[in-house]
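> Here it is: the structure, laid out below.
The values are calculated or read from the model by the stated rules, or taken from the named source; none is laboratory data. What you see is a predicted model; the values in this text were computed from it and never measured. Here the Cβ positions follow ideal geometry from the backbone for every residue, glycine too, while neighbour counts run over all protein chains shown. With ligands, DNA and RNA removed, areas are computed over all heavy atoms of the protein, side chains included. Shrake-Rupley method; radii C 1.70, N 1.55, O 1.52, S 1.80 Å.
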Amino acid sequence: MTPKPTGPPDGGWGWVVAAAGFAVNGLSYGVLRSLGLAFPDFAEYFDRNAQETAWVSALALAVQQAASPVGSALSTRWGARPVVMVGGVLTSLGFVFSAFAHSLLHLYLGLGVLAGSGWALVFAPALGTVSRYFSRRRVLAVGLALMGNGASSLLLAPALQLLLDNFGWRGALLLLGAVTLHLTPCGALLRPLALPGDPLALPRSPLAALGLGLFRRPAFLVLTLGTALVGVGYFIPYVHLAPHALDRGLGGYGAALVVAAAAVGDIGARLPCGWLADQGWVPLPRLLTIFGALTGLGLLAVGLVPVVGNEDSWGGPLLAAAGVYGLSAGSFAPLTFCVLPELVGIGNVVQATGLVMLLLSLGGLLGPPLSGFLKDETGDFTASFLMCGSFVLSGSFIYLGLPKASRPGTPPPEMGELLPVPQVALLSPGDPHSTLDTTC
């Protein structure tokens with residue numbers, strides 16, 4: 001008999017890692033969600049339309065997500081700590097470079113390529129490390145980490161509008177470069193953790209390090225297909241929620257308030273959803289389907305809100321619709337990543353996170369420019385939000401093909417819930433019959 005392996009600590013330093021994940025998420029997706037407030041300034045300064053300026057965030061999203069498997073592979077080889085620290089430096093340099101842009105191409109390169117590459121190195125390794133530190137409270141911990149998105153949006157949306165009013169878009173980008181540099185100390189907090197389910201040897205080839213063999217698992221293939229469709233619509237509010245509010249007749253601070261309402265809903269839903277999922281009353285794949293569908297319906301509601309009378313109005317209907325969308329999206333996001341250990345095992349969760357982000361990049365690249373095109377063709381963002389809500393609903397229905405899981409806290413932490421548990425045959429010296437045991 002060998003000693004029973006030790007699983008994730010489910011606490012201790014894991015809460016520090018979750019706090020680092022909170023900051024990483026806020027300084028990546030939170031910044032990107034608020035950046036749409038600067039797009040009207042970009043369009044005016046460079047004399048471009050909404051579709052062309054939307055490519056700034058579309059490229060950032062696409063690069064960040066398409067290159068996430070690279071961040072996962074580097075993390076598998078070198079560990080999450082140095083990879084995230086380097087990613088923080090690259091992100092900061094991208095904002096500083098963009099502050100001195102003289103054409104929209106410079107913003108494509110600075111914010112889209114350079115900052116997007118930095119974000120690709122930080123998100124998947126940080127979130128994967130959080131999942132590795134927890135088992136029975138995994139959804140709660142990941143939900144806490146992903147709250148950084150909404151909290152950062154809540155603070156940065158009005159702060160960025162204030163910076164734009166007082167320093168212009170160049171000064172705002174320069175200051176954001178200083179803020180995003182804090183990704184580097186966040187990476188330093190990601191202490192390595194060895195788990196029994198880890199591979200015994202490092203991957204021998206780059207393709208193996210990327211984890212492409214995971215696509216041979218039918219359940220993982222269903223998840224990635226649904227996620228690719230969800231990604232087309234999921235990130236459009238990151239880019240066009242503030243311009244949509246402006247288009248509906250709200251002023252600059254009114255639009256910032258709408259973004260903040262979505263952020264409050266996002267924050268308020270993460271921890272309750274994590275607690276609910278960890279109870280095991282409803283299988284995680286089914287919760288993923290339910291909250292994905294609610295997110296799609298919330299986006300449809302945002303698109304159907306009527307025009308506000310004047311700029312001094314608070315825009316109550318749009319605030320309510322944005323809040324509902326934020327609650328649904330905040331519940332959906334942690335479930336997307338917490339279902340991965342059930343499908344692929346804890347040893348492959350970092351690679352699986354990177355691959356899911358890669359599939360999301362297809363939607364992140366297509367969605368915002370398509371939304372901008374529809375706005376230019378129709379004159380407002382109504383068709384854009386109806387389109388993105390439809391894509392999210394379509395992807396959510398595909399999640400119905402995922403197998404049901406058992407109670408989240410029951411499996412050994414090194415195994416996935418939907419993976420077979422190995423049984424070891426033990427022979428007793430006084431009993432000729434074998435007995436099955438799974439605790440070795």
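> Does PHE235 fit the bill of being among the hydrophobic types (A, V, I, L, M, F, W, C) and open to solvent by 50 Å² or more (accessible area, probe 1.4 Å)?
Numbers: among the hydrophobic types (A, V, I, L, M, F, W, C): yes; open to solvent by 50 Å² or more (accessible area, probe 1.4 Å): no.
Answer is no for this residue.
> Here's something else I'd like to know. Specify which of the listed residues (VAL339, VAL356, VAL305, VAL324) is β-branched (Val, Ile, Thr) and at pLDDT below 85.
Numbers: VAL339 fails: at pLDDT below 85; VAL356 fails: at pLDDT below 85; VAL324 fails: at pLDDT below 85.
Matching residue, one of VAL339, VAL356, VAL305, VAL324: VAL305.
> Looking at region 185-200, can you tell me whether even one residue there is open to solvent by less than 10 Å² (accessible area, probe 1.4 Å) and closer than 22 Å to GLY26 by Cα? Give the steps one after another, and end with the answer.
Residues of region 185-200 open to solvent by less than 10 Å² (accessible area, probe 1.4 Å): 187, 190.
Then drop every residue that is not closer than 22 Å to GLY26 by Cα, which leaves 187, 190.
For region 185-200, residues open to solvent by less than 10 Å² (accessible area, probe 1.4 Å) and closer than 22 Å to GLY26 by Cα: present.
> Ok, one more. Can you tell me how many residues in region 44-74 are over 17 Å from GLY110 (Cβ atoms) and assigned to a helix (DSSP H, G or I)? Reasoning before the result, please.
Residues of region 44-74 that are over 17 Å from GLY110 (Cβ atoms), as a first pass: 44, 47, 49-51, 65-66, 68-74.
From the residues that got through so far, the ones that are assigned to a helix (DSSP H, G or I) too are 44, 50-51, 65-66, 68-74.
Residues meeting the conditions: 12.
> When the residues of region 118-137 are narrowed to those that are at pLDDT 85 or above and of a type in the set (S, T, N, Q), which ends up nearest to VAL339 (Cα to Cα)?
Step by step, filter region 118-137, then rank; the result is SER131.
> Kindly list, by first and then second residue, each pair from a residue in region 373-386 that is in contact (Cβ under 8 Å) with a residue 40 or more places away in the chain to a residue that is not in a helix (DSSP H, G or I), limited to pairs with Cβ atoms under 6 Å and residues at least 6 apart or on different chains.
Note: pairs meeting the criteria are LYS375/PHE381; ASP376/ASN49.
> With VAL222, VAL264, VAL239 as the choices, which residue is within 26 Å of LEU59 (Cβ to Cβ) and under 22 Å from the mean Cα position of the chain (by Cα)? Don't jump to the end; show me each part of the working.
Values: VAL222 fails: within 26 Å of LEU59 (Cβ to Cβ); VAL264 fails: within 26 Å of LEU59 (Cβ to Cβ).
Unique residue meeting the criteria: VAL239.
> Say we look at region 201-220 and pick out the residues that are in contact with a Gly (Cβ under 9 Å, 6 or more places away or on another chain) and within 28 Å of SER390 (Cβ to Cβ); which of these is most open to solvent (accessible area, probe 1.4 Å)? Write out each step before concluding.
Quick first cut of region 201-220, residues in contact with a Gly (Cβ under 9 Å, 6 or more places away or on another chain) only: 203, 207, 210-211, 218-219.
Restricting the remaining residues to those that are within 28 Å of SER390 (Cβ to Cβ) gives 218-219.
Values: PRO218: 99, ALA219: 23 Å².
For region 201-220, the residue satisfying everything is PRO218.
> A follow-up question, please. Working only within region 243-254, note down all residues that are part of a helix (DSSP H, G or I) and hydrophobic (A, V, I, L, M, F, W, C). Spell out the reasoning first.
Pass one, region 243-254, residues part of a helix (DSSP H, G or I): 243-247, 252-254.
ALA245, LEU246, listed by residue number.
Listed here are the residues, each with its yes/no results for (1) in contact (Cβ under 8 Å) with a residue 60 or more places away in the chain; (2) buried (at least 22 other Cβ atoms within 10 Å of the Cβ).
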residue: PHE39; (1), (2): yes, yes
residue: ASN49; (1), (2): yes, no
residue: TRP78; (1), (2): no, no
residue: SER92; (1), (2): yes, yes
residue: HIS106; (1), (2): no, no
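> Let me ask you something else. Within region 120-214, considering only helices (runs of 4 or more DSSP H) that don't extend past its boundaries, which have at least 3 residues that are in contact (Cβ under 8 Å) with a residue 40 or more places away in the chain and in the same structural domain as VAL16 (by the TED database)? If you could, list the steps in order and put the result at the bottom.
Numbers: elements: 138-180, 183-188, 206-210.
Result: 138-180, 183-188.
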